[in-house]
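Remarks on the structure that follows.
The values are calculated or read from the model by the stated rules, or taken from the named source; none is laboratory data. Just so you know, these numbers come straight off a predicted model, no measurement behind them. Positions of Cβ are generated from backbone atoms using ideal geometry, with glycine treated the same way; all protein chains shown enter the neighbour counts. Surface areas here come from the heavy atoms of the whole protein model, side chains and all, with no ligands, DNA or RNA. Shrake-Rupley method; radii C 1.70, N 1.55, O 1.52, S 1.80 Å.
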Amino acid sequence: MDAGRLIQVGPPDAVYARPVNAVAAALSGKCSVLAADVDTLSDDTVSVDLGQGAMPVRGSGLSAGQPRRVQVMVRPDWVAEGGSWSGQVRAIAFRGPSTDYRLDCGGQALTIALPGPPRYGLGATVAWELRQVW
């Protein structure tokens, strides 16, 4: 619901993975919204460039061969530690079984969730990669 209007109906996993807008995304869980150059590679794979080089990831929604500057949504669990992209830790939140890190990635804020207690301190550089975007 948004301002008393029903904005999306569906199974919880579908709303979480494919929200209809930023309000539905925020209501269904933590997420980061990032500006990216995106191009469709196949029915379920897109090339995403956040300014640190292009990376193929699971996603869809654009016409093939038409790269565009768009906003992509990234859930903390759609990010994996390691990889060719990096960001500096700006905030840390221990959540029990996992720790959330807010990274500065070239002027864009990204929240990632890594298992276990905090391993990185403020200002540390964390290498990461995307698994999925919407």
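Computed from phi, the 3J(HN,Hα) profile of region 36-51 under the Karplus parametrisation 6.51, -1.76, 1.60 (θ = phi - 60°) reads 8, 8, 10, 9, 6, 9, 7, 4, 10, 9, 10, 9, 10, 10, 9, x Hz, with x in place of Gly and Pro. Near the amide H of Ser98, within less than 5 Å, lie the amide hydrogens of Gly116, all on another chain or at least 5 residues away, with H placed in the peptide plane. Given the choices [x] 203; [y] 121; [z] 113, volume of the Cα convex hull per residue in Å³ derived from the coordinates of this structure is entry [y]. Each residue of region 117-134 was assigned a 3J(HN,Hα) from its phi angle through the Karplus curve 6.51 cos²θ - 1.76 cosθ + 1.60 (θ = phi - 60°); the sequence is x, x, 10, 10, x, 4, x, 5, 9, 10, 7, 8, 9, 8, 9, 7, 9, 9 Hz, with glycine and proline shown as x. Apolar share of the accessible surface for the chain: 54 percent from carbon plus sulfur atoms, 1.4 Å probe. Protein-only accessible surface at a 1.4 angstrom probe places the residues Leu6, Leu50, Leu114 in the order Leu6, Leu50, Leu114, largest first. Quick one: go through region 104-134 and flag any residue whose amide nitrogen is under 20 Å from the point 7 Å out along the Cα-to-Cβ line of Arg90. Backbone N within reach: 104-114, 119-130. Maximal additional length on extending the Ala54-Asp100 stretch stands at 14.1 nm, based on 0.36 nm per residue less the C-alpha distance. Please work out the C-alpha center-to-center distance from region 15-50 to region 81-134 and express it in whole Å. Spelled out, the Cα-based centre of one part sits 18 Å from the other.
How much mean residue ellipticity at 222 nm does the chain get from its helices, if each DSSP H run of length 4 or more adds -39500 (n - 2.57) and you divide by all residues, to the nearest 500 deg cm²/dmol?
On the way: 2 runs with 12 residues, N = 134.
Calculated at 222 nm, the ellipticity per residue is -2000 deg cm²/dmol.
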